[in-house]
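Enquirer: Could you have a look at this structure, given as structure tokens, before my questions?
Every read-out reported here was derived from the displayed coordinates using simple, explicitly stated rules and does not represent laboratory data. Note that the structure is predicted; figures quoted are calculated from it, not measured. Here the Cβ positions follow ideal geometry from the backbone for every residue, glycine too, while neighbour counts run over all protein chains shown.
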Protein chains: 2
Amino acid sequence: MATTRRTAPISIDVTDRPLPVPGFRLAGISAGIKANGRPDLALIVADEPVSVAGVFTKNRVQAAPVRVAKERAKAGKARAVLVNSGNANACTGKAGLDATKRTTEAVAERLGISAKAVLPASTGVIGAVLPAETIVRGSDRLIEALSSEGGADFARAIMTTDQWPKVACAQIRIGRETATVLGIAKGAGMIHPDMATTLGFVITDAGASPALLRKLLKAAIDPTFNAVSVDGDTSTNDTVLLMASGKAGTVRAGSKEAATLQAALTEVLGALAKSIVRDGEGARHVARIEVEGLANDRAARAVARTIATSPLVKTALHGRDANWGRILAAAGRAGVVFDPDRAEIRIGDETIVRGGMPVGKDAEARAATILQAAEYTIRVTLGKGRGRAHYLTCDLGPDYVAVNANYRS
Amino acid sequence: MATTRRTAPISIDVTDRPLPVPGFRLAGISAGIKANGRPDLALIVADEPVSVAGVFTKNRVQAAPVRVAKERAKAGKARAVLVNSGNANACTGKAGLDATKRTTEAVAERLGISAKAVLPASTGVIGAVLPAETIVRGSDRLIEALSSEGGADFARAIMTTDQWPKVACAQIRIGRETATVLGIAKGAGMIHPDMATTLGFVITDAGASPALLRKLLKAAIDPTFNAVSVDGDTSTNDTVLLMASGKAGTVRAGSKEAATLQAALTEVLGALAKSIVRDGEGARHVARIEVEGLANDRAARAVARTIATSPLVKTALHGRDANWGRILAAAGRAGVVFDPDRAEIRIGDETIVRGGMPVGKDAEARAATILQAAEYTIRVTLGKGRGRAHYLTCDLGPDYVAVNANYRS
């Protein structure tokens, strides 16, 4: 970790090495849920009850662990998070619900805590009941493996077809203390057809009330995990949990420290979100779609999302084609009122549309060069309003189709 | 044409050979708009002013011809429709608007009618101003080519990258007269990246007031042109126009004949819509997504649309994979309330999900066989409500990406 400064959120550093977070121990082991023997069972345990906040999929079809974790997170306090990969335990009815409860009870009993203090999360194949006994058998070994240095193992054990583990850290000052924010996630979307089950876990030794924690998480989620698109599909298992131990001091609502913690959370979730988009199989480019000039942020968000999920836009990005017609047409069908004759589109620093009309072939050719890059920004200005929003998306290549058409064959 | 019966809408026959429609003449010629010399300019002329109704793209970005035709169609009466392919005249500002007006004025002058009675429509590349003088130069030849047998030429002249012309006919009885309904369309979507500009034109010698015609067209459009998806993108140029000469008698609102005309219109537009989906480049399957059991049709429609546009569902169809998890997950994110534990999914006659859970691997294997067919139905039942809707979609294969990534390169 490099330097951290006292107040400015901008000084937060993000790294991919998991730092220990006082008050928490983590573990990840191979329990035998995955047929290939890879790590598939993970645990976070707090030394004592800590504040917790969660956000969950809005899909009507919610996996058993989502239903259980959602209910338990309402208490605002928790002791542990039990995660498995290899099985999403979704569309599994009462048997799936029972299996989820059984596994959290087994771990809780061994830890000497209440099962209600254990929040479950699952990722993997949909439609198969969680193999509860496999997890129960592994639970002693899982608990033995707990360590303040266990972040890397935890990150690997929640992966499905992720190409790399996804970890981000930040440090902030609370008074004289240095607090750490550690985020761990797994990818989703194009690379994980049946497994479009983004999971994210953030732990920090900053402290906050459950109410403040919920507020901070909600604000950090919107421009990060809620502003990425691989293919527009949402999942049965999406879960992000935030736990705060307070070992490094407590932040109060409205304080300077709360603002700093907010910024750190947003940075950490933002880094994880970008890593998820970049890990799209077949994806060669990460595009940041920025929309501005609309009446409000909500309208801008609708337009950004529509552009970011348009197959015609995403295939053009794959072909490195500055195809502004598709971008403008996608904006036009977002259900938002704007005057197309004022539309401006920039790719990087290159303006290719002004006053709703093309600038010219030379500008498009220069923009096509920018589209060769691994990362770039497309800025769409649709008026003079103050509403703005962004979305991260990736290109759509033939590998997307190959992976998703043949995933189960 | 085979037999037609007196009342039952079910007796309507749909064919792909354009029949003449009394009161109308059509033409299609090569005017030089397309660089490759293929037919690109088309005209329908009514012998006298006829009732007209139109539906237009809801995209905020509307091409010049859409803006002009929309305004002129408000009168409820028209004499002619002037269509070009090869140039969409979209995102072309005032110059585009002037070009559209100039071409309809030239044709109107030669026909001795008012320019306001000529409705324009364009399809082709976005962002280039319509070459008005090329069209003006071709207008004498276009008018000379007018014939009651000109439907086939018209159909070919409005094609862009369509693989075949799209024509459907129906005949109905009005009293002792036989009336014809002729529909001509062009494809859109995946095969036409910059040209996602569905156009449809229907003429009939049945007669109806402009108000009734609007009502009939609206009702026929919803389950047909508004219920197909190739990739979820809408266009700058979408236009469907309906003209009724009344040469075979007039139908009144609420009459048996109005119901028959309604059914004929729906059949004709339905046949054209299916032809458009089938013509998706790289598409091997046409899937009819039926959703039922919801509180109302609107909710069912939202679910059907979400399933029909999901890239994860469409790639699974390409791989002939009965991947019900993706279908259910897409339904769950449609913003509609339902109980996932009551969900049932059938592919053809094979039930693969019951009570929100998989029936089993054998059922899925049998369903996969059904997915080999060129056409099949996927029925999703989400409760006991009376709301139902359907959508036509196609599979998403590697050719979609290849065509759309490299379209302009």
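Enquirer: Please report, for B:Arg284, the nm distances (one decimal) from its label point, 7 Å out from Cα along the beta-carbon direction, to the equivalent points in the remaining copies, shortest first.
Expert: 2.5
Enquirer: On to the next question. Give me A:Lys314, A:Lys94 sorted ascending by neighbouring Cβ count inside 10 Å, so fewest comes first. Don't jump to the answer; show the numbers that get you there.
Expert: Details: A:Lys314 32, A:Lys94 11.
Lowest to highest Cβ neighbour count: A:Lys94, A:Lys314.
Enquirer: Here's another thing I want to ask about it. Dipole of segment A:286-405, Cα-centred, from +1 at each Lys and Arg C-beta and -1 at each Asp and Glu C-beta, to the nearest 20 debye?
Expert: In total the dipole reaches around 360 debye.
Enquirer: Moving on to the next point. Return the sequence-ordered ³J(HN,Hα) values of segment B:306-314 in whole Hz as given by the Karplus equation 6.51 cos²θ - 1.76 cosθ + 1.60 applied to θ = phi - 60°, using x for Gly and Pro.
Expert: 5, 5, 5, 9, 5, x, 5, 5, 5
Enquirer: Ignoring everything except DSSP H segments at least 4 long, calculate the 222 nm mean residue ellipticity for the protein assembly as shown; use -39,500 (n - 2.57) per segment, divide by total residues, nearest 500.
Expert: The helix-only estimate for the protein assembly as shown comes to -10000 deg cm²/dmol at 222 nm.
Enquirer: Determine the shielding of peptide B:306-312 by partner chains: average, over its residues, the number of Cβ atoms on other chains within 10 angstrom of each Cβ.
Expert: 5
Enquirer: Then there is this: Are any of the pairs B:Lys101/B:Lys218; A:Lys74/A:Lys215; A:Lys215/A:Lys247; B:Lys34/B:Lys186 more than 18 Å apart by Cα-Cα distance, and if so, which? Could you put the intermediate results ahead of the total?
Expert: Values: B:Lys101/B:Lys218 27 Å; A:Lys74/A:Lys215 14 Å; A:Lys215/A:Lys247 20 Å; B:Lys34/B:Lys186 16 Å.
Correct reply: B:Lys101/B:Lys218; A:Lys215/A:Lys247.
Enquirer: Taking θ as phi - 60°, what are the ³J(HN,Hα) couplings along segment A:81-87 by the Karplus curve (6.51, -1.76, 1.60), each to the nearest whole Hz, with x for Gly and Pro?
Expert: 10, 10, 10, 10, 10, x, 7
Enquirer: Another question, if that's okay. Other chains near A:125-133: what is the mean number of their Cβ atoms within 10 Å of each residue's Cβ?
Expert: Going residue by residue through A:125-133 and averaging, the value is 2.
Enquirer: Given the alpha-carbon gyration tensor of segment A:286-405, what are the semi-axes of its equivalent ellipsoid in whole angstrom, ordered largest first, with each equal to the square root of 5 times an eigenvalue?
Expert: 22, 17, 12
Enquirer: So for A:Leu396, A:Leu213, fewest C-beta neighbours within 10 Å to most, what's the order?
Expert: So the ranking, lowest neighbour count to highest, is A:Leu213, A:Leu396.
Enquirer: Stretch B:Asp222-B:Ser148 to full length: gain in nm at 0.36 nm per residue minus the Cα-Cα span?
Expert: Length gained, B:Asp222 through B:Ser148: 23.7 nm.
Enquirer: With θ taken as phi - 60° and the coefficients 6.51, -1.76 and 1.60, list the Karplus ³J(HN,Hα) couplings across segment B:340-354 in order, rounded to whole Hz; mark glycine and proline as x.
Expert: Computed from phi, the couplings for segment B:340-354 are x, 6, 10, 5, 10, 10, 10, 10, x, 9, 8, 7, 10, 10, 9 Hz.
Enquirer: Given labels modelled 7 Å from the Cα in the Cβ direction, how far is it in nm from B:Arg67 to A:Arg298?
Expert: 2.9
Enquirer: Counting only C-alpha contacts under 8 Å and six or more residues apart, can you give the relative contact order of segment A:286-405 as a whole percent?
Expert: Numbers: 245 pairs, mean separation 55.6, N = 120.
About 46 percent, as a whole number.
Enquirer: Over 21 Å, how big is the tail of the calculated P(r) for segment A:198-301, in percent of all Cα pairs?
Expert: 43
Enquirer: Taking the label point as lying 7 angstrom from Cα along the Cα-to-Cβ axis, what are the distances from A:Lys256 to the corresponding position in the remaining copies, in ascending order and in nanometres?
Expert: The projected label point of A:Lys256 is separated from its counterparts by 8.6 nm.
Enquirer: Over the whole of A:50-63, what's the average partner chain Cβ count within 10 Å per residue? Rounded to a whole number, please.
Expert: 3
Enquirer: Here's a follow-up. Any idea which of A:Ser30, A:Leu217, A:Ala170 is furthest toward the positive side of the dipole for segment A:9-278, if Lys and Arg beta-carbons carry +1 and Asp and Glu beta-carbons -1?
Expert: Most positive-ward Cα: A:Leu217.
Enquirer: Have a look at A:Asp238, A:Asp153, A:Asp297 and tell me which one the Gaussian network model of chain A (Cα, springs below 10 Å) gives the largest fluctuation.
Expert: Fluctuation is largest for A:Asp297.
Enquirer: May I pose another question? Identify, for chain A, the residue whose C-beta comes nearest the rotation axis onto chain B, and round that distance to whole Å.
Expert: A:Pro398, 2
Enquirer: P(r) for segment A:108-157: what percent of alpha-carbon pairs falls in each 5 Å bin, starting at zero?
Expert: It works out to 4, 13, 21, 29, 21, 9, 2, in whole percents.
Enquirer: Still on this structure, I have one more. What three numbers, in Å, describe the spread of the alpha carbons of the protein assembly as shown along their principal axes, ordered from the longest?
Expert: 90, 55, 40
Enquirer: Right, here's the next one. Give me the distance between the Cα centres of segment A:325-377 and segment B:139-186, rounded to whole Å.
Expert: Rounded to whole Å, the Cα centres lie 38 Å apart.
Enquirer: Mind putting a number on the dipole of the protein assembly as shown about its Cα centre? Charges go on the C-beta only, +1 for Lys and Arg and -1 for Asp and Glu, and I need it in Debye to the nearest 20.
Expert: Once rounded to the nearest 20, the dipole reads 1960 debye.
Enquirer: For A:Asp238, what residues show an amide H to amide H distance below 5 Å, using hydrogens built from the backbone and excluding near sequence neighbours?
Expert: It is A:Thr57, A:Thr198, by chain and number.
Enquirer: In nm to one decimal, list the spacings between the A:Gly385 label point and its equivalents in the other copies, with label points set 7 Å along Cα to Cβ, shortest first.
Expert: For A:Gly385, the inter-copy label distances come out at 2.9 nm.
Enquirer: In percent, how large is the relative contact order of chain A, given Cα pairs closer than 8 Å and 6 or more residues apart?
Expert: 18
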